[in-house]
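J.: Here it is: the structure, laid out below.
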Amino acid sequence: MTLVVQKYGGTSVADLARIRSVAARVKRHVEQGERVCVVVSAMAGTTNQLVAWVQELDPLCDPAEYDQVVSSGEQVTVGLLAIALRKAGVPARSFLGWQAGIATDDAHGKARILRIDPEPLRRCLERGEVPVVAGFQGLGPDGRVTTLGRGGSDTSAVALAAALRAERCDIFTDVDGVYTSDPRIVSRAQKLARITYEEMLEMASVGAKVLQTRAVALAMRHKVRLQVLSSFTDVPGTLVVDEDEVVESQVVSGIAYSRDEAKLSVVRVRDRPGVAAAIFGPLAEANINVDMIVQSVSRDGVHTNITFTVSRADLPRARAILAELKDQVGFERVDADDEVVKVSVIGVGMRSHAGIAHRMFRTLADKGINIQAISTSEIKISVLIAEEYAELALRALHQAYGLDRA
Ligand code: ADP
Ligand code: ASP
Ligand code: MG
């Protein structure tokens, strides 16, 4: 019997009617002779609400308590879906992360899955029941609940597919596949029948939240067949595949954006060896990921400015850390701006084609959009711009690279 892992995101389980319709879909697969392991997210909006409550009480709160609160949305949906399945005549059992044997490291709020003991789920499947597993959560080495970072249910699903050696991992969501850009913003975006792991990885890492980055990385490593499709329709979705399975590849395959960016500028810091290490060391120790970095040319030969980006959630902690470093490192002040977005152009064709970056800069310049920072990888170029221009930039770039649907 084939085993498939199906993951349903927040909008797919947003209310009881949708939970019933997910149960009906699972039932169809079971009746077709498949064994199904389901992973669910919290109801749409729930996790945001839980995060907001925690932040209102204390933005610098203990991360283990953040996880205790923020993981709770999935507890509700696993139970509800198991009830709906049973009501529909499908034997089912719900599992929280720890009950499903999901062990993580102790990086609360962005924990990594270290291993999965597949036995509890195997036994459930052998009893002929559908396991319904809470996404986004696991158990840390300290015996506390951890969460895997926003959008982490995708990663739970892929990790379970690998651990259970499932035939496929189907990610059911509110769009019917991966598009050349976010279809909610770029109405002319086109659905991709296939996308390479590498491009999907890059697209996810620069903000295309249709899949969590770690989910794609895991799928790539464990060769999990991954598909993104809609929970509302029955049309084929997008397959994430190896590069040799893509017949016709474009130079640029997608344009992504991320609003989860905040810019910090350390102003008038002394221009001498060791300064960057003194600033970025303590940030790294606090588990704060720094993304784009720009150091401006020193005008007086003594001082310079260092500008970098962190995720918006990390901004309060990053500011607190920099404030403590002020006397030791020696700088004038720190400016912060969280009204910025990162826009990125992605494509494996970049390796062999010149002029991709120039077209990006030219297109933005023609729209009068100022670039505040740039970063590149082998198959991606990202720029930081003011948030107010995000949609304009996305649509202009989508057109400039010939991606618009006719
Ligand atoms: P779920 O709750 O099911 O996990 P998400 O909201 O996390 O769903 O991800 C789906 C959303 O991702 C879509 O509604 C869409 O707005 C957004 N998205 C961003 N970039 C893309 C893209 N390139 N293709 C498809 N969807 C995208
Ligand atoms: N509920 C979590 C979130 O909103 C996990 C997920 O949806 O994948 O981030
Ligand atoms: Mg998601």
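J.: Listed residues Ala17, Ala42, Ala23, Ala107; which is under 19 Å from the mean Cα position of the chain (by Cα) and modelled with pLDDT of 95 or more? Don't jump to the end; show me each part of the working.
T.: Details: Ala17 fails: under 19 Å from the mean Cα position of the chain (by Cα); Ala23 fails: under 19 Å from the mean Cα position of the chain (by Cα); Ala107 fails: modelled with pLDDT of 95 or more.
The unique qualifying residue is Ala42.
J.: Which of the residues belonging to the stretch 101-113 are in a strand (DSSP E or B) and open to solvent by less than 40 Å² (accessible area, probe 1.4 Å)?
T.: Of all residues in the stretch 101-113, those in a strand (DSSP E or B) come to 102-104, 113.
Once the filter is applied, which keeps residues that are in a strand (DSSP E or B) and open to solvent by less than 40 Å² (accessible area, probe 1.4 Å), the stretch 101-113 yields Ile102, Ala103, Thr104.
J.: Still on this structure, please answer the following. Consider Val251 carefully, then state whether it is surrounded by fewer than 23 Cβ atoms within 10 Å (Cβ to Cβ), aliphatic (A, V, I, L, M), within 14 Å of ligand 1 (Cβ to nearest atom) and assigned to a loop (DSSP other than H, G, I, E, B).
T.: Considered against the rule, which asks whether it is surrounded by fewer than 23 Cβ atoms within 10 Å (Cβ to Cβ), aliphatic (A, V, I, L, M), within 14 Å of ligand 1 (Cβ to nearest atom) and assigned to a loop (DSSP other than H, G, I, E, B), Val251 comes out as no.
J.: Which of (1) touching a Lys or Arg at 6+ places or on another chain (Cβ under 7 Å); (2) open to solvent by 20 Å² or more (accessible area, probe 1.4 Å) does Arg362 not meet, given it meets every other one?
T.: Evaluating Arg362 over (1) touching a Lys or Arg at 6+ places or on another chain (Cβ under 7 Å); (2) open to solvent by 20 Å² or more (accessible area, probe 1.4 Å) leaves (1) as the failure.
J.: Within the stretch 143-151, is even one residue among the charged types (D, E, K, R) and within 13 Å of ligand 2 (Cβ to nearest atom)?
T.: Yes, because at least one residue in the stretch 143-151 is among the charged types (D, E, K, R) and within 13 Å of ligand 2 (Cβ to nearest atom).
J.: What residue, among those in the stretch 292-323 that are in a strand (DSSP E or B) and open to solvent by 60 Å² or more (accessible area, probe 1.4 Å), is modelled with the lowest pLDDT?
T.: Restricting to residues being in a strand (DSSP E or B) and open to solvent by 60 Å² or more (accessible area, probe 1.4 Å), the top hit is Gln295.
J.: Among the listed residues Ile306, Ile371, identify the single one that is touching a strand residue (DSSP E or B) at 6+ places or on another chain (Cβ under 6 Å), without any contact (Cβ under 8 Å) to a residue 40 or more places away in the chain and among the hydrophobic types (A, V, I, L, M, F, W, C).
T.: Ile371
J.: Which of the residues spanning the stretch 184-205 are away from ligand 3 (no atom under 14 Å from the Cβ), open to solvent by less than 40 Å² (accessible area, probe 1.4 Å) and in contact (Cβ under 8 Å) with a residue 60 or more places away in the chain?
T.: Of everything in the stretch 184-205, those that are away from ligand 3 (no atom under 14 Å from the Cβ), open to solvent by less than 40 Å² (accessible area, probe 1.4 Å) and in contact (Cβ under 8 Å) with a residue 60 or more places away in the chain turn out to be Ile185, Val186, Ala189, Leu192, Thr196, Glu199, Glu202.
J.: Of Asp170, Asp182, Asp174, Asp242, which residue is under 20 Å from Tyr8 (Cα atoms) and either modelled with pLDDT under 95 or touching a Leu at 6+ places or on another chain (Cβ under 7 Å) (or both)?
T.: Asp170
J.: Scan (1) free of Cβ contacts under 8 Å to residues at least 40 places away in the same chain; (2) farther than 21 Å from Val178 by Cβ for the single condition Asp338 breaks and write down its number.
T.: Among (1) free of Cβ contacts under 8 Å to residues at least 40 places away in the same chain; (2) farther than 21 Å from Val178 by Cβ, the lone unmet condition for Asp338 is (1).
The values are calculated or read from the model by the stated rules, or taken from the named source; none is laboratory data. This is a predicted model, so every value here is computed, not measured. All Cβ positions, even for glycine, are placed from backbone atoms using ideal geometry, and neighbour counts span all protein chains on display. Accessible surface is based on the protein model in full, side chains and every heavy atom, while ligands, DNA and RNA are left aside. Shrake-Rupley method; radii C 1.70, N 1.55, O 1.52, S 1.80 Å.
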